Amino acid sequence: MLSRRNIRIKVLQSLYMIGRDPQLNTDDALEFYRQALDRSQELYLFNLLTLLRTTEFALEDTERKQSKYLPSDEDKQFTAKIFTNKSTQALSKEPDLQLIFKKKGIDKLVEEDTARKFYKSFAKTREYKDYVLHAKSSDRDRDILLDLYKHLLKEELFEETMDDHFPTWEDDRSLIVGAMKKTIKALPESPELFRTFRPDYEAGVEFGENLLVQVIDKDADFEKIIEPSLENWEMDRVANIDMILLKMAICEFLSFASIPTKVTLNEYVELSKIYSTDKSKDFINGVLDKVLKDLAEKGDIKKSGRGLED
């Protein structure tokens, strides 16, 4: 589920990290990069377990409603089916998922009081009440889990909880949200879909690690390529993030034959909008456009398969 953009972000962060400390080397950057991938997976698992733990409080709610001295008709009809339905149970009973929660210590991060607050907040919504009292089709089981997750995303406490445990939440938010929705929509047939979150060898190693190592190893070479394209700019005036983005893009131009040059250029312009200044996107776009033309004229751009130069 990790895309190349997500991999690029992890590489960018790793390069920025070692650039701030001259004592760090390539091995340190690789370790930081691998840990960043692990943290993204743990963040996804944390979201998944938070969702599950929230649904569990339907059991407590059912017991409370049905033990009332004078339960209402609504109390009598109430069931814990947001937890007992096939979709939720498929995740809850997936043995490998429970093992990985424990192995990575995710089960210790989800606090009972926090999950209870999430449940109580969602229990007030029209979607939840309609589901509990009126929904008959099992198709609504997936829908209610999606409704619950969307509700969590709007909760200030949820955002605070994510930030407290995972400082990378803001960077990984769109990635995690997409992965969670895909996981829920695959239920109950494919509860093991969580295994696909880790990047495969091609994305994580052949692309990510090679990109990281080459940018470090060829740093001086890439600066020589960049300098002629800096009109009215000195190298030392270029923002650190912008310089890293330029070097990463040039590395992709030269060393990754299957990635089209337009894709690379557009990706790094987009990353500059997120991680650099307001003016960076135009600067990055202008420099890379000149660099690309120069490299193409010299015959240094070698693309194959889907990765056509133009």
Point to revise | Globularity index of the range 1-80, i.e. its alpha-carbon radius of gyration over 2.2 N^0.38 Å | key: 2.02
Point to revise | the range 20-107: chymotrypsin sites (Phe, Trp or Tyr not before Pro) falling in loop per DSSP and having at most 15 other Cβ within 10 Å | key: TYR69
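Relative contact order of the range 180-309: what whole-number percent is it, with Cα pairs under 8 angstrom and at least 6 residues apart?
With pairs under 8 Å counted, the relative contact order is 25 percent.
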Review point. Taking Cα atoms, how many degrees apart are the long axis of helix 139-154 and the longest axis of the chain, rounded to 10 and kept between 0 and 90?
Key: 60
Practice item. Would you kindly calculate the translational diffusion coefficient of the chain, applying Stokes-Einstein with the Kirkwood radius from alpha carbon pairs, for 25 °C and a viscosity of 0.890 mPa s, and quote it in µm² s⁻¹ without decimals? Key: 111
Check your understanding: Per the Debye formula with a single identical scatterer at each Cα and no solvent contribution, what log10 I(q)/I(0) holds for the range 189-294 at q = 0.14, 0.23 Å⁻¹?
Key -> -0.58, -1.31
Check your understanding: Can you flag which of LYS218/LYS302; LYS65/LYS154; LYS154/LYS279 are past 21 Å Cα-Cα?
Key -> LYS65/LYS154; LYS154/LYS279
Exercise for review: Within the range 204-310, list the trypsin sites (Lys or Arg not before Pro) lying in a DSSP loop whose Cβ has at most 14 other Cβ atoms in a 10 Å radius.
Suggested key: LYS279, LYS298, LYS302, ARG306
Exercise for review: May I ask you to sort MET235, MET243 by Cβ crowding, counting other Cβ atoms within 10 Å and putting the fewest first?
Suggested key: MET235, MET243
**Study point:** In the range 195-231, GluC sites (Glu not before Pro) in a DSSP loop with at most 12 other beta-carbon atoms within 10 Å
**Key:** GLU231
Check your understanding: So how do SER272, SER14 line up by other beta-carbon neighbours within 10 Å, fewest first?
Key -> SER272, SER14
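Where a number appears in this text, it was derived from the coordinates with a stated rule and is not lab data. Being a predicted model, the structure only gives us computed values, none of them experimental. Counting neighbours? That spans all protein chains shown, and the Cβs are built from the backbone with ideal geometry, glycine included.
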